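The values are calculated or read from the model by the stated rules, or taken from the named source; none is laboratory data. Every value quoted in this text rests on a predicted model; they were computed, and no experiment measured them. Ideal geometry is used to build each Cβ from the backbone, glycine not excepted, and the neighbour counts take in all protein chains shown.
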Amino acid sequence: MSTVLNKADAHRLIDQLPTDATWNDLMQEIFVREAIERGLDDSRAGRTMDVADVRRKYGLPE
């Protein structure tokens, strides 16, 4: 599911980059922002797991 682009947010994201930022820097910021938005959407929709359950699933210590 893709989040609708808010142009004002995109402008703010670009404006916060340093003046010597590269295209890769911009793409990294976009990727991180998209991942956060997807996580928030999942959380709101109840598509989450308890940390203890995840640890058990992957055999990690509690």
Within the stretch 3-31, how many residues turn out to be under 20 Å from residue 41 (Cα atoms), in a loop (DSSP other than H, G, I, E, B) and either in contact with a His (Cβ under 7 Å, 6 or more places away or on another chain) or in contact (Cβ under 8 Å) with a residue 12 or more places away in the chain (or both)? 1
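Which residues, taken from the stretch 32-56, are assigned to a helix (DSSP H, G or I) and not charged (D, E, K, R)?
Taking the stretch 32-56 and keeping what is assigned to a helix (DSSP H, G or I), we get 32-44, 51-56.
If the condition is that a residue be assigned to a helix (DSSP H, G or I) and not charged (D, E, K, R), then 32, 35, 36, 39, 40, 43, 51, 52, 54 are the ones that fit.
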Read through the list (1) of a type outside the set (Asp, Glu); (2) loosely packed, with under 10 Cβ neighbours inside 10 Å; (3) part of a helix (DSSP H, G or I); (4) at pLDDT 95 or above, then give the number of the only condition that residue 59 fails. (3)
